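One structure is given here, and the rest of the page talks about it.
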């Protein structure tokens, strides 16, 4: 069976076969997809025009979706079918309204926003359900005011979570075009909207990650890298998801190019490295700078390590050359 996201996209494009439509309904019923599906449909159904949410319109939607999928017009008796038709009708409503994925936009008055600006040190916050989250520089996290019952957050940036266990209210994180689902665990996510990849790493427990091309379950010490352009993901064991939480600056076996992006966020500076060959930007480095190390001292140390030349046009800009 194709992944749920693929089936939905084909349905939206009108290219789903009759067999595919049945597979779509079966995928929506799967336990691993149910929390995400119910939440998405619930949010969009609540936002739908009142004229489309009454019982009469519901019945019309049900009849239409049953007819389209080739099912009988009268509702089936067994209880296990009810969710299938409710979801199918809601999916039809979503497509009718031209809605695909719900996103929480920072600044939306319906949501509470936590922010650490570029150049500021990482900070930790406690959410209303006692979940503790650390936000790195240049990071925004938004969540619903009724968080204890609606544990959904939207992330742009880098964060580390220690999620309070609550089996009745799963904890969901949306980042880019991806979603993550847990009930209680420790994990990190790095997903800046202007970067080509997003990463997820698990320190303890397990998480379920839904990304455009598939979904995967991660357990302790599993790390996932998602290509934001293709939606394809690969496992990687060389990620330290929380090395940035302390006051010191640590680069733990990461590409030099990624280290430079970390510097831009941490110090709110601009690093020009276009003249460097790929062999340099891809070279992995491991080095730790103590708390309070200046940007200039970090650049000097890296230049010595990689035999680079550098110049500071001003205190917030550096140009690197080989």
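Yes/no matrix, rows are residues, columns are (1) part of a loop (DSSP other than H, G, I, E, B); (2) crowded, with 21+ Cβ neighbours inside 10 Å; (3) modelled with pLDDT of 90 or more:
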site	(1), (2), (3)
155	no, yes, yes
159	no, yes, yes
164	yes, no, yes
169	yes, no, no
173	no, yes, yes
180	no, yes, yes
188	no, yes, yes
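I'd like to know if region 271-279 contains one or more residues that are modelled with pLDDT of 90 or more, assigned to a helix (DSSP H, G or I) and in contact with a helix residue (DSSP H, G or I) (Cβ under 7 Å, 6 or more places away or on another chain). Let's see the steps before the verdict.
The first filter runs over region 271-279 and keeps only residues modelled with pLDDT of 90 or more, leaving 271-279.
Restricting the remaining residues to those that are assigned to a helix (DSSP H, G or I) gives 278-279.
Applying the additional criterion that residues be in contact with a helix residue (DSSP H, G or I) (Cβ under 7 Å, 6 or more places away or on another chain) yields none.
Among the residues of region 271-279, not one is modelled with pLDDT of 90 or more, assigned to a helix (DSSP H, G or I) and in contact with a helix residue (DSSP H, G or I) (Cβ under 7 Å, 6 or more places away or on another chain), which makes the answer no.
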- Matching residues in region 292-322 - criterion: being within 33 Å of the chain's Cα centre (by Cα), part of a helix (DSSP H, G or I) and farther than 19 Å from residue 118 by Cα: 302
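Look at region 298-307 and say how many of its residues are surrounded by 12 or more Cβ atoms within 10 Å (Cβ to Cβ) and out of contact with any helix residue (DSSP H, G or I) (no Cβ under 7 Å at 6 or more places or on another chain).
Going through region 298-307, the residues surrounded by 12 or more Cβ atoms within 10 Å (Cβ to Cβ) turn out to be 298-303, 305-306.
Next, from what is left, pick out any that are out of contact with any helix residue (DSSP H, G or I) (no Cβ under 7 Å at 6 or more places or on another chain): 299-303, 305.
The qualifying residues number 6.
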- Residues of region 226-253 classified as surrounded by fewer than 20 Cβ atoms within 10 Å (Cβ to Cβ) and in a strand (DSSP E or B), total: 6
- Query: touching a residue at least 24 places away in the same chain (Cβ under 8 Å), out of contact with any strand residue (DSSP E or B) (no Cβ under 6 Å at 6 or more places or on another chain) and over 24 Å from residue 176 (Cα atoms), is that true of residue 286?
  - Reply: no
- Task: Go over the candidates 204, 194, 221 one by one and state the one that is without any contact (Cβ under 8 Å) to a residue 24 or more places away in the chain, out of contact with any strand residue (DSSP E or B) (no Cβ under 9 Å at 6 or more places or on another chain) and under 26 Å from residue 286 (Cβ atoms).
- Result: 194
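When you go through 142, 137 one by one, which is the residue that is in the same structural domain as residue 185 (by TED's automatic domain parsing), crowded, with 21+ Cβ neighbours inside 10 Å and assigned to a strand (DSSP E or B)?
Values: 137 fails: assigned to a strand (DSSP E or B).
Going through 142, 137 in turn, just one is in the same structural domain as residue 185 (by TED's automatic domain parsing), crowded, with 21+ Cβ neighbours inside 10 Å and assigned to a strand (DSSP E or B): 142.
The values are calculated or read from the model by the stated rules, or taken from the named source; none is laboratory data. What you see is a predicted model, and the numbers here were worked out from it, not measured in a lab. FYI the Cβ positions are ideal-geometry reconstructions off the backbone, even for glycines, and counts take in every protein chain you see.
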